[in-house]
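The values are calculated or read from the model by the stated rules, or taken from the named source; none is laboratory data. Just so we're clear, the structure is a prediction, and the values are computed from it rather than from any experiment. When we count neighbours, we look across all protein chains shown, and the Cβ atoms used for this are built from the backbone with ideal geometry, even at glycine.
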Amino acid sequence: MSLNLEEKKAIVAEVSAQVASAQAIIIAEYRGIEVGKMTQLRAKTRESGIYFRVIKNSLVRRAVADTPYEGLAKHMIGPLVYGIGTDPVSAAKVLHEFSKDNEKFVIKVGAIGEHVMSRDEITALASLPSREELLSKLLGTMQAPITKFVQTLNEVPARFARGLAMVRDNK
């Protein structure tokens, strides 16, 4: 079913808003994927906070014009699905995991800012820990010196108490 001009403008505005706040855009070809599997993928992307949609390529070209993602326009050929995310690692991870299980879902290209990424670079990005994992590791690293300091301070009175207990037991 064809879209009228107002609907097209609304879609371009919606995609432009998503692109403005995006950290990464990943483009994949979905030819031959069953509807049930696509529904599962949509649910996973929604949980991860990824804007995931099948959109006419000409409308997306208009949305990315004059943005850092303009380099993707030449790759927008064929039946494509667009994953736009504020966390580049989670976007790459969700789509890469789905592509491993479904050979008909092929990641074509992606971009982080002005840098257009190949399929191999997206795979490498998907293997990185997520933002939450990195933040938890950072917090653990920041807490380690404080924890060791407290343990060291606590060891002096504990050792004294153990020494008194040994003296008491010997008498």
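Total residues in the stretch 25-64 satisfying the condition of being among the β-branched types (Val, Ile, Thr), over 21 Å from Glu114 (Cβ atoms) and part of a helix (DSSP H, G or I): the figure is 3. Counting only residues that are in contact (Cβ under 8 Å) with a residue 24 or more places away in the chain and over 19 Å from the mean Cα position of the chain (by Cα), which one in the stretch 98-112 is surrounded by the fewest Cβ atoms within 10 Å (Cβ to Cβ)? Once the filter is applied, the top-ranked residue is Lys104.
Yes or no, residue by residue, for (1) more than 22 Å from Val19 (Cβ to Cβ); (2) within 18 Å of the chain's Cα centre (by Cα); (3) assigned to a strand (DSSP E or B); (4) at pLDDT below 85:
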| position | (1), (2), (3), (4) |
| --- | --- |
| His96 | no, yes, no, no |
| Leu139 | yes, no, no, no |
| Gln151 | yes, no, no, yes |
| Arg162 | yes, no, no, no |
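In the stretch 113-132, of all residues being modelled with pLDDT of 85 or more and within 14 Å of the chain's Cα centre (by Cα), the one that is nearest to Ser90 (Cα to Cα) corresponds to Ala126.
Here is a yes/no grid of residues against (1) surrounded by fewer than 15 Cβ atoms within 10 Å (Cβ to Cβ); (2) in contact (Cβ under 8 Å) with a residue 12 or more places away in the chain; (3) over 19 Å from Gly71 (Cβ atoms):
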| position | (1), (2), (3) |
| --- | --- |
| Val12 | no, yes, no |
| Val15 | no, yes, no |
| Ala24 | no, yes, no |
| Ile27 | no, yes, no |
| Tyr30 | no, yes, yes |
| Val35 | yes, no, yes |
| Arg46 | yes, no, yes |
| Arg53 | no, yes, yes |
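Cβ separations smaller than 7 Å between residues 6+ apart or across chains give no pair from the stretch 151-171 residues that are at positive phi and in contact (Cβ under 8 Å) with a residue 24 or more places away in the chain to residues that are of a type outside the set (Gly, Ala, Ser) and in a helix (DSSP H, G or I). What number of residues within the stretch 55-82 are hydrophobic (A, V, I, L, M, F, W, C) and free of Cβ contacts under 8 Å to residues at least 40 places away in the same chain? The qualifying residues number 3. Taken together, the criteria place Lys100 among residues that are charged (D, E, K, R) and outside any loop (DSSP other than H, G, I, E, B). Scanning the stretch 83-97 for residues that are touching a Leu at 6+ places or on another chain (Cβ under 9 Å) and without any contact (Cβ under 8 Å) to a residue 60 or more places away in the chain yields Gly83, Val89, Lys93, Val94, His96.
When the residues of the stretch 122-145 are narrowed to those that are among the polar types (S, T, N, Q) and surrounded by 13 or more Cβ atoms within 10 Å (Cβ to Cβ), which ends up farthest from Ile27 (Cα to Cα)? Write out each step before concluding.
First pass over the stretch 122-145, keeping only residues among the polar types (S, T, N, Q): 123, 127, 130, 136, 141, 143.
If we keep only those that are surrounded by 13 or more Cβ atoms within 10 Å (Cβ to Cβ) as well, we get 123, 130.
Values: Thr123: 13, Ser130: 20 Å.
Per the criteria, the residue is Ser130.
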